[in-house]
Structure formats: C-alpha cells, structure tokens
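The values are calculated or read from the model by the stated rules, or taken from the named source; none is laboratory data. Everything numeric in this text was worked out from a predicted model, so none of it was measured. Here the Cβ positions follow ideal geometry from the backbone for every residue, glycine too, while neighbour counts run over all protein chains shown. When the accessible area is computed, the model is the full protein with side chains, heavy atoms only, and any ligands, DNA or RNA have been set aside. Shrake-Rupley method; radii C 1.70, N 1.55, O 1.52, S 1.80 Å.
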Amino acid sequence: MQPATTRPHGANRRRRLSWKAAAVAALSGALVFAGASGASAVEPPVVVSTHSMATNGAQLLIKAPGSTTVYSASPGGTSVGVLNTVTNITSTIPITGATHREFDLPTSGRLYVTSANGIDVIDTTSNTAVGFFAAPTGVTYQSLAVDPTSGNLYVAASTGITILSPTDGSVVGSLSGSLNTGQLAISGSTGTLYAVNGSTGNVTAFDLSTGTAAAVSTVGNVRGSSNPNGVAIDVANNRVITVSQTGANADSISVFDGTTLALINTFPTGGTNVWGIGYMPQSGLAVVNFAGPVNPRLIDADSGELTPITVVAGITRGLFVDQANEYTYVSGSTNTTLTVLAVPAAITTTSLPDSQPGASYAQSIDVQGSRPMTFAVTAGALPDGLTLDPATGQITGATTTPGVFTFTVTATNAAGAASQEYTIQVGDAPVITTPSLPGGVTGAPYSTTVEATGAGPITFAVTAGALPDGLTLDPATGVVSGTPTTAGTFTFTVTAGNVLGTDTQEYTVEILEGPIITTPSLPAGTVATGYTATVEATGTGPITFAVTAGALPDGLTLDPATGIISGTPTAAGAFTFTVTATDTVGEDAQAYTITIEAAIIPTNPPGPNTPAGPTDPGGLAITGAALPWLSVAGGLLLAAAGAGILMLRRRRA
C-alpha cells in the first residue's frame, strides 16, 4: 500500500482523505470545502468509458497520478499491462516476479510490483523494468508500503516486516513483533505504519520514528493475507478503514481511530469475499469490490449508506480509485475490459451563513462526486460584492448591500449535475431599542429619538395613533420633536423598516400643561399711594412666582405664593422687571413695566376777600398766599403767623 498525505478540510463537515498512491498528494487540495453541509444520498456511479486492456482478468490496477496511463496485472502473469485511456494504445512490460500481490506507485516515478518472490521496479517515465529486488531464499513477500519521508520500502514478509533500500533493495532494518503480517499501509502525515496480522486479523500501528508498536486493535477478523488491497487511510479524520470478515457469508468495513485503533464503526458491505477497498477522500466514500459475482459498492464512511455500482457485464476483480479525481477503475475477472466510473455530482451544503454589510465572506459549496467539477449560479443572483469560483465552488468577497438574496448553484461533472438553492441575508431587519418616550409640557420644546438597530437605511413612521399636537417624527432619523400645544395622554405606534423587514413599538406620551401667565400687563402707581396688583397664571399647582429679572418699584413686593404685588411706592419712575411662574411641570415668564407717578400737591388760591399783594411798610411783599397748600389747618396757621408779623412790623414803625 502507499503513503498518505494531508489535505485541508472544512470545519463544518468531516472531510475524508486517504491515499492509494502517494503521487495523489501533488494533486490533492485543489478543492477545499469549508461550507456548512448536510448529508446527501449519493447517486450510483456512472460509466464514463470502457477500454480493452492488454491484461486478461486483471487483479491489480493502478493509474499513474496526473497521467492517463493505467497499469494492470493478473496474479500469475509474466508482464504488466499498460493502457493509455485517451488513445487506447496498449503495451506490456515483462517482469520477473511471480504470483503478483500488489501495486504501489509513490511520487518517485517508480511502480513497485510486489510478488511472492520479490519486487519488480518499473520506471513509469519510460515504462520499462529497471530492477528486481528478490526475496531471500525461503521468504515470501505479501505486501509493500513506501515511507514518503525516507523512501524506504516496508515489506510484509513471511519472517516479519523488513525494511529495504529503494535504491538496490538491500535490507536496512526490520520491525519486531510483526510476524505473519498480511497487509501494510503508511500514513505519511502521522508517520505511522499500519500492519494487519494475517492470522488474527488485528491491526498494529507502528511509530516509524521509533520502530515500535504504538497501538493494537482489540477487534480482529481484518482480512490480511487473503486481501492484499484491504486497508485504506482517512488522513483528514485520522482514521483507518479495513475489510473485516464478520460471518461465513458477510464482509464489513471497519473504521478505526488512527491513533488508538479503537473501533469507531462497522458497516456491512452487502456481500462476501471483498477483494479490494479504495477510498474517495473528497467525498468520504469507501469503494469495495468482490471476488464473487457481486457488483462493487460505495459505502459512506460516516453513515454506512450503501450505493450499488453497475458495471460492464462480467465479474469484477481489479479495483483502483484515483483519489485526485475520484474516478473508479474496475476490471473483469475473465476478460480484458476496464470500466471507468464517475460518481455524479451531489451537493451536500444545504445552507450558507448570513452576512453583514461590509463584512468579508468566504464559504464553499461542499460536494461529493468525481472531479473535475464546475460550479455556476444558474438562477437568482449572489449578494452584491460576492463571486463564485467556478473551479472550487468557493463564494468569496465582501457583502455590500443589505437584502435577502436567493440563488441556485449547480455543480457539474462528467457524470451529471446537481443543484441547490440558497438564501443569504445581508444585514439584519430593524429592531427598535427605545422602550419608552419621555413626557412633555405644553409650550416647552420637546425632543427625543426612537432608536433602532439593523441594516441601514432605516425609515421611521407613525403607523397607528397620533403624536401629541405640535410634535413631528423625522422619518430618516427617528427624532420626535416640536413644542406640545395640548395637554393629554397620547398613544401611538412607530414602525422602523428597511429592506429586510420592519419592527414596531407602541408608545404612550403624557403631555402636561405647564404654568401660563395670563396677566399681560400691570397698572401704574403713584408715590405715597398704596398699590396692589396680581400676576395670574394657570397650570398644575402649586404655582410659585418670582422676579427673575429687573426689579419691582421701590416699596413694592411680590408674594411668591399668590403672585400679588403690593406696597406703597416711594419713588417715581418706570420700572421694568420679569416675573416667572413655576410649578411641578415647568415655568413661564412675563416681562412687565410699572410706571410710578410723583405725588401731586395743589397750591392755595386767593379767596374773594384776600388783598392782592399788600406791601410791607419796609418794602417787603407779603408772600404767604404763595406758600404751598398743606391743609386748612396749615393755611389758618400761616395766616395767623402772617398777621402777627404784620402787626409787629407796624409797632416798630
């Protein structure tokens, strides 16, 4: 058997890889699938071509990696058949070995033909035999595995596992505890040699770095010496797949953990005398054929699902699976016919993840089936900014436009086509995150915002009820603003929407009536005259009043509880001030000007018997009549005083 190499695989689906030929490593990895996937029934393989080989009843088949050349041999033949599957030209290569058991074709360009009496070496460039590594006298060779690291040949011999130089076939070492080994396979990724005991059917894992046994399976009955092609390695999932005899008339495949050799699953093959096993690493399908008149089968290595293979008439014998393109080559046991089968395309990715505007996106369409396979969008359209790679099925790019995008991807290969519809949502539908809105006051400016998450642009609208009088909703920003004019309780619904959907939220906003000063002006007053006036206001009580700008006339005060301005003005003039009325809801202010007049004192007019301006004998005029009028008593007093002064002057004279 040949070494196996690693290959990238997806996180959402178990990717399965194993190698029949190490050369496949150079071609593996061309399709890397990392999309979300689900199980899908595989369609039976389709015959894509038939050919006539130089070998009749070929038991051994192998295809050179990256070429169209197929090699074949029958157990007792004396040559290796060569077939070009494009030109159908055949030829033969004479070999020395007898009772051919196994083909091995690593990346070195050499084909090793293991026979009971030695190993023939064929140069696949010139298709000529270049050497023969004869088995020691009395020793029989059964199986071969090539270490991809050192190039050494590990040979299952009747005396145990012998290590040969690839240059001249000389013995360079051996592994202990490995007698009666019937089948070998190497995993190059882990450096592990798997050996099947030809007597017990148990599998032993050898660490090639130390040459010691690392694990032994607890389950036997694995076909060893009777099945030279009965071990396959699933590198991606670190599993070993073997053929086990589970009854007189039944065979199964057993799936082991590649490290511990613990049994994971056993699946029936639906037949007996399995002659060979192959593995399709990208589809995760095992292929088995039988020594009897039973058609080959595909077996899903995860679920055990069986898919029959119908081939050209005749009992099948030889089997080879080209892991690079997952074509199956089957030969008849009694004829020279080579049948080439391809597994129809089957898309196993049932859904793709959503994205956000501006986000990088990378997902792949996971498929089963033979390669090469092409991919195309055959209906609908990808989200803006994304493209589909027609060779790999990978969808990449950066989503740019919000929306819901439905499209169909079709995968096509030589055996048919399969389609799958997908829907990718770019962005999120809006979600209103504002649970409630604050109350307001009549006459007072109001502003609040209805906020929402989601892909923009998001629009807002009142879709039920009505906003409070005086308020409006900005459809682009969700801002509710204005000046309420009417007190009351208002219930309404706001809907936020974008291309992906809508969300609604019901709100109740209470608008209270704030204080409103209803006194437009205040009366004038007079110095020394008592004054009283009231600043009146409506609103939710209690209301308090205060002078918040300017000053009241001298001598007046404002009662903060009643709004009454009272007192006796003491100075004349015009006094401007502002009164603010405040309650639990808000406030209102009003500017006033109060004019205070000066007090008016009237003069004392001359009576009818009053002399008009007598003259003092000293030449002074009597001016008592011109003194201010204070009161009647004051006038009499002044008159008396004046008469007294006149009499005094006359006496002096």
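Scanning the range 83-105 for residues that are touching an Asp or Glu at 6+ places or on another chain (Cβ under 9 Å) and under 28 Å from GLY188 (Cβ atoms) returns ILE93, ILE95, GLY97, HIS100. Checked against the criteria, PRO344 does not count as within 30 Å of LEU105 (Cβ to Cβ), under 30 Å from the mean Cα position of the chain (by Cα) and at pLDDT below 95. Put simply, of ALA549, ALA476 the only residue that is modelled with pLDDT of 95 or more and farther than 30 Å from ALA572 by Cβ is ALA476. THR534: at pLDDT below 95 and open to solvent by 40 Å² or more (accessible area, probe 1.4 Å), yes or no? Answer is no for this residue.
Count of the range 272-306 residues, restricted to those that are more than 17 Å from GLU326 (Cβ to Cβ) and either open to solvent by 10 Å² or more (accessible area, probe 1.4 Å) or in contact (Cβ under 8 Å) with a residue 60 or more places away in the chain (or both), is 11.
The range 122-168 holds strands (runs of 3 or more DSSP E) entirely within its bounds, and those carrying 1 or more residues that are within 22 Å of VAL196 (Cα to Cα) map to 141-146, 153-157, 160-164. Filtering the range 549-575 to residues that are hydroxyl-bearing (Ser, Thr, Tyr) and either within 30 Å of PRO484 (Cβ to Cβ) or surrounded by 13 or more Cβ atoms within 10 Å (Cβ to Cβ) (or both) leaves THR562, SER566, THR568. The lone criterion from (1) closer than 30 Å to ASN88 by Cβ; (2) in contact (Cβ under 8 Å) with a residue 40 or more places away in the chain left unmet by ALA359 is number (1).
Given the residues GLY138, GLY151, which is the only one that is at pLDDT below 95, over 29 Å from LEU83 (Cα atoms) and surrounded by fewer than 16 Cβ atoms within 10 Å (Cβ to Cβ)?
On the way: GLY151 fails: over 29 Å from LEU83 (Cα atoms).
So the residue among GLY138, GLY151 that is at pLDDT below 95, over 29 Å from LEU83 (Cα atoms) and surrounded by fewer than 16 Cβ atoms within 10 Å (Cβ to Cβ) is GLY138.
The set of residues from the range 189-217 being in a strand (DSSP E or B) and crowded, with 20+ Cβ neighbours inside 10 Å comprises THR192, LEU193, TYR194, ALA195, VAL196, ASN197, VAL203, THR204, ALA205, PHE206. Got a sec? Which of THR316, THR348, THR337 is touching a residue at least 60 places away in the same chain (Cβ under 8 Å) and closer than 25 Å to PRO268 by Cβ? One residue alone meets the criteria, THR348. Take the conditions crowded, with 17+ Cβ neighbours inside 10 Å, within 27 Å of GLY278 (Cβ to Cβ) and free of Cβ contacts under 8 Å to residues at least 40 places away in the same chain and apply them to PHE375. Does it pass? Answer is yes for this residue. Please determine whether any residue of the range 352-371 is open to solvent by 50 Å² or more (accessible area, probe 1.4 Å), at pLDDT below 90 and in a loop (DSSP other than H, G, I, E, B). No, because not a single residue in the range 352-371 is open to solvent by 50 Å² or more (accessible area, probe 1.4 Å), at pLDDT below 90 and in a loop (DSSP other than H, G, I, E, B).
Only one entry of VAL24, VAL80, VAL32 meets the criterion of being modelled with pLDDT of 50 or more and of a type outside the set (Lys, Arg), and that entry is VAL80. Looking across the range 504-530, the residues that are modelled with pLDDT of 95 or more, open to solvent by less than 60 Å² (accessible area, probe 1.4 Å) and within 21 Å of ALA581 (Cα to Cα) come down to THR519, LEU522.
Among the residues making up the range 581-601, those that are of a type in the set (Val, Ile, Thr) and within 59 Å of the chain's Cα centre (by Cα) are THR582, THR584, VAL585. Taken over the range 422-452, the criterion of being under 30 Å from THR378 (Cα atoms) and open to solvent by 70 Å² or more (accessible area, probe 1.4 Å) is satisfied by ASP428 alone.
Tallying residues that are surrounded by fewer than 18 Cβ atoms within 10 Å (Cβ to Cβ) and either on the phi > 0 side of the Ramachandran plot or in a strand (DSSP E or B) (or both) within the range 378-402 yields 7. Residues that are assigned to a loop (DSSP other than H, G, I, E, B) and either of a type in the set (Val, Ile, Thr) or at pLDDT 80 or above (or both) within the range 244-259 comprise GLY258, THR259, listed in sequence order. Filtered by the rule that a residue be closer than 17 Å to THR192 by Cα, open to solvent by 30 Å² or more (accessible area, probe 1.4 Å) and either modelled with pLDDT of 95 or more or not in a strand (DSSP E or B) (or both), the range 169-178 gives SER176, GLY177. Contact annotation: residue pairs with Cβ atoms under 8 Å, 6 or more positions apart or on different chains, pairing a residue in the range 91-110 that is free of Cβ contacts under 8 Å to residues at least 24 places away in the same chain with a partner that is of a type in the set (D, E, K, R), are GLY109/ASP123.
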